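Step one of this worksheet: look at the structure below.
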Amino acid sequence: MLLQISEPNSTDIAPRERKLGLGIDLGTTNSLVATKSEQGADVIADASGARLVPSVVNFNGGVTVGAAALELAVSDVRNTVLSAKRFMGRSRDDLSEAQLLGLAASDALAFDTGDGPKTPVEVSSEILRALAARARDSLEEQEEGVVITVPAYFDDRQRQATRQAAELAGLNVLRLLNEPTAAAVAYGLDETIAESSVVAVYDLGGGTFDISILRMERGLLRVLATGGDSALGGDDFDEVIVSWMVDQWGLVDLTRDQQRRLTVMARAIKERLSESSEVSIKASGEFSHFEDLPVTRETFASLSEGLIHRTMRACDQALDDAGVTEVAHVVLVGGSTRMPVVRDAVAKYFGREPLCSINPDEVVALGAALQADILVGNGDGDEALLLDVIPLSLGLETYGGLIEKIIPRNSVLPLAKAQEFTTAKDGQTGLVVHVLQGERERVEDCRSLARFELNGIPPMVAGAARILVTFKVDADGLLEVSAREEITGTEAALVVKPSFGLSDDEVAAMLRASQTNAAEDMQARQLREAKVEAESLLHGLAGALDADGDLLSDEERADLEKEAGALVTALQSDNTDTIRSVTDQLGQASLTFAERRMDRSIKSALSGVAVSELEAED
Ligand code: AMP
C-alpha cells in the first residue's frame with residue numbers, strides 16, 4: 001500500500017491585475033513587437049504606422065536602429081550592420097570567408113564600426129531595446145517581461161546569445177520560444193488540436209526556408225524535426241523572373257545597376273501576382289524600347305517550379321526525420337507564402353489547405369505575444385500551453401525505498417501539485433522529505449535533489465496524520481517543495497533547481513535508462529508494494545490480537561496465527577505473486593475477527609464508555 005491518500009490538482013494562479021507582456025520576433029531582416037490586449041494580439045506600430053522594424057543598426061557616434069539605419073546602409077555601409085542574427089552565438093570557426101569580411105580583426109566575433117567593434121549580441125540588443133522602447137512609447141506602460149522567438153534549430157549557444165542580448169537591453173526574458181511553435185500558437189493550435197496531432201510549419205521568407213514538424217504532446221507543441229534551406233527564399237523567386245525578362249528581351253551584358261532595377265521590377269511583379277492572375281511588366285525607362293511583357297500565374301508557376309520543388313524535398317526530409325507521414329495542420333509563415341503558387345503546392349503536398357488567415361509576417365510575433373501574456377500572469381489558469389517542460393519526473397521517497405512521482409516528466413511549467421501523505425508508524429513525530437528526480441522506480445536509481453525534515457507532528461497512530469506535500473515549479477524551472485502537517489499547521493519548505501547541472505545528454509541518458517529498465521523496475525516496485533502491504537497487515541493483526549484477542553476462541557486464534565506465520569514465510573520468498581496470495585488469504589481469514597472488533601467498538605461508543613476505560617477493564 002502506498003502512502004498516498006489523495007491528489008488534489010491545484011494550479012495556483014490567482015487572478016491578478018493585468019500586466020504588460022511583449023512578444024518579440026527578432027528576425028534576420030525584420031523584427032516586430034506585439035502584445036495582447038482585450039481586443040486580441042496585435043503588432044505595435046511606430047508613430048508613422050510602420051509595423052516592421054528592419055533589423056539594421058548603424059553605429060557612428062550614436063546608435064540608429066530600424067528604417068533610419070536601413071537608409072544609412074547605402075550611404076554609410078561601413079558602420080551599418082545587417083543580418084546580425086546570422087552571427088548570434090557563432091565563433092569565427094563557424095563562419096565562411098565571405099561572412100568574415102566586414103568583421104573586426106579581433107578574436108571575439110565582432111563587426112567593425114565607427115564606434116569600435118560591436119558583437120552580434122550588442123547589435124541585437126540595440127534592436128531589442130528599440131522594440132521595447134516602441135512598445136513603451138505606444139502603450140505608455142512599462143512591460144513586465146518579454147517572450148523572444150528564435151529559430152527551432154538554434155542551438156544552446158545561439159539561444160544563450162539571444163538571452164544575453166535581451167539582458168543587455170535591460171529586458172526581462174520570460175521565455176525564448178521557437179518560431180514555428182509561436183506561429184502554431186497564434187492559430188490557437190495549442191488549445192484546439194488533439195493530442196498527438198502533427199503540425200507542419202512552412203516558413204518561406206525573403207532569403208531562407210524553414211520547415212518544422214511539431215507534435216502536440218501533453219498540451220505541449222514539441223518540435224520533432226526541423227529542416228530547410230538557408231539559401232532559398234523570396235529573393236530566388238525574384239531572380240527567376242529577372243532571368244525570364246532577360247531572356248524575353250534578349251538582354252546581354254547587364255550593368256549592376258540594370259540588374260538591380262530588373263530585380264526591383266521583378267519583385268513588384270511577383271508580389272502583384274499574388275493579387276492578380278495576370279500582370280504586365282511595363283517596359284519603362286531604359287527598357288522602354290522593349291515590348292511590355294504579360295505574365296500569368298501559370299508562367300510564374302512554371303518558372304518557380306524548381307524552387308518550390310526544393311522546398312518540398314526539404315519537407316520530405318523533415319517528415320522523414322520526424323517519423324511521421326501525415327499532418328493535421330499546416331501553418332504558413334513568411335512573406336513569400338503569400339504567393340498562390342506556394343500555397344497551392346503546399347496544399348497539394350500535405351493534402352490539406354494550409355492555415356494562412358493571419359499575416360504571415362506577423363504570425364510569429366503574435367504567437368509570442370499570446371505566450372507573453374500568459375507568462376506575465378494575465379491568463380485565467382486554464383491555458384494549457386506554457387512551453388517549458390520538466391525533462392524528468394519529480395517525486396518523493398516513500399516507504400519501502402520507492403519513488404512516488406508527484407510531477408510527471410513533460411509536465412508544462414509553471415505548475416503546482418499537492419499530494420497528501422501520512423505517517424507510517426504509530427507516534428511518528430517527524431518525516432524526512434526526500435526530493436528525487438528521475439523515471440526509475442527505486443530511490444537508488446533516481447537522482448537525489450534535496451532532503452529536509454518536517455518535525456513537530458503530534459504523536460498519532462500510523463495513518464492518522466495528514467501531511468500535504470506541495471511541489472511548485474515556476475516558469476524558470478525553480479522547484480519549491482513544502483510539507484505541511486494539517487492538524488498543527490507545522491510547515492517546512494525548501495527551494496531547489498532541479499534541472500541545474502543536468503545537460504540534455506544526461507537527461508537523455510536517464511530517460512534511456514528508465515526505458516531499458518522499465519520492466520525490471522515495475523517488478524521491483526510490485527514486489528516492494530506487496531511486501532509493504534503484507535507487513536502492514538501483519539503489524540495491524542498483531543496489534544489487534546493484543547487489544548481484542550478475547551474475541552477469538554483458542555482455535556480461531558491458532559488458525560489466524562498459522563496464516564500469519566505463512567505470510568512471514570512468504571515474505572522471505574521475494575515472490576510477488578506468493579506474497580500477494582498469502583496476504584489475501586490472511587486478509588480473508590481475519591475478516592470475522594475484524595467484524596467482531598468493529599461491533600465491539602460500535603457498542604462501546606454507543607454505551608458511552610471511553611476506549612481507555614474499556615482497556616482498563618480488560
Ligand atoms: P519576410 O522575410 O518573411 O519578410 O519575407 C519577405 C519576402 O516575402 C520577400 O521576398 C517578399 O518579396 C515576399 N513577399 C512579401 N509580400 C509578398 C506578396 N504579396 N507576394 C509574394 N511575395 C511577397
Checklist entry - What size of dipole, in debye to the nearest 20, comes out for the chain about its Cα centre when the only charges are +1 on Lys and Arg C-beta atoms and -1 on Asp and Glu C-beta atoms? => result 1580
Checklist outcome for this item: Per the rule of 0.36 nm per residue minus the C-alpha distance, extending THR429 to ASP550 adds in nm 40.4 nm
Checklist entry - Measuring from label point to label point, each 7 Å out along Cα→Cβ, what is the ALA450 to GLU167 span in nm? => result 2.2
Next on the checklist: In the range 208-226, whose amide N lies under 18 Å from the spot 7 Å out along Cα-to-Cβ of VAL324? List them in ranges.
Outcome noted: 210-226
Checklist outcome for this item: Given a Förster distance of 45 Å, the FRET efficiency implied by the Cβ-Cβ spacing of SER302 and GLN142, rounded to the nearest 0.05, works out to 0.25
Item to check | Förster-model FRET efficiency, 30 Å R0, ASN359 and ASP253, C-beta, rounded to 0.05 | outcome: 0.15
Item to check | Violating pairs (Cα-Cα greater than 26 angstrom) within the set LYS19/LYS472; LYS19/LYS85; LYS270/LYS348 | outcome: LYS19/LYS85
Item to check | Viscosity 0.692 mPa s, 37 °C: Kirkwood-radius Stokes-Einstein D of the chain over Cα pairs, µm²/s | outcome: 112
Checklist outcome for this item: Here, ARG86 and SER37, labelled 7 Å along Cα→Cβ, have an inter-label distance in nm of 3.7
Item to check | Formal net charge of residues neighbouring LYS118 (Cβ-Cβ distance under 10 Å; K, R +1; D, E -1) | outcome: -4
Next on the checklist: What does DSSP give for the chain in terms of the percent of beta bridges that are antiparallel, rounded to the nearest 5?
Outcome noted: 85
Item to check | Distance between modelled label sites at ALA594 and ASP155, nm, 7 Å Cα→Cβ extension | outcome: 6.1
Checklist entry - Which listed residue (GLY367, PHE237, VAL330) has the Cα farthest towards the positive end of the charge dipole for the chain, taking +1 on Lys and Arg C-beta and -1 on Asp and Glu C-beta about the Cα centre? => result PHE237
Checklist outcome for this item: The relative contact order of the chain, taking Cα pairs under 8 Å that sit 6 or more residues apart, comes to a percentage of 13
Checklist entry - How long is the gain from ALA493 to GLU291 if the chain were fully straight, where each residue apart is worth 0.36 nm and the alpha carbon distance is subtracted? => result 64.6 nm
Checklist entry - Tell me, in nm to one decimal, what length is gained between ASP559 and GLU278 on full extension, where the rule is 0.36 nm per residue of separation less the Cα-Cα distance? => result 91.4 nm
Item to check | Carbon/sulfur fraction of accessible area - the chain, other protein chains in place, 1.4 Å, % | outcome: 48
Item to check | For the chain: accessible area per residue (Å², 1.4 Å) | outcome: 48
Item to check | Spatially proximal lysines relative to LYS425 (Cα-Cα < 17 Å; intrachain offsets below 8 disregarded) | outcome: LYS531
Checklist entry - What does the helix-only formula give at 222 nm for the chain: each DSSP H stretch with n ≥ 4 adding -39500 (n - 2.57), the total divided by the residues, and the result rounded to the nearest 500 deg cm²/dmol? => result -12500 deg cm²/dmol
Checklist entry - In the chain, which longest range has no GluC sites (Glu not before Pro) that are both DSSP loop (not H, G, I, E or B) and surrounded by at most 14 other Cβ atoms within 10 Å? => result 327-485
Checklist entry - Taking Cα atoms, how many degrees apart are the long axis of helix 234-249 and the longest axis of the chain, rounded to 10 and kept between 0 and 90? => result 30
Item to check | C-alpha center-to-center spacing [the range 38-53, the range 108-159] in angstrom | outcome: 18
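The values are calculated or read from the model by the stated rules, or taken from the named source; none is laboratory data. Here the structure is a predicted model, which means the values were calculated and not measured. Counting neighbours? That spans all protein chains shown, and the Cβs are built from the backbone with ideal geometry, glycine included. Accessible surface areas use protein heavy atoms only, side chains included; no ligands, DNA or RNA. Shrake-Rupley method; radii C 1.70, N 1.55, O 1.52, S 1.80 Å.
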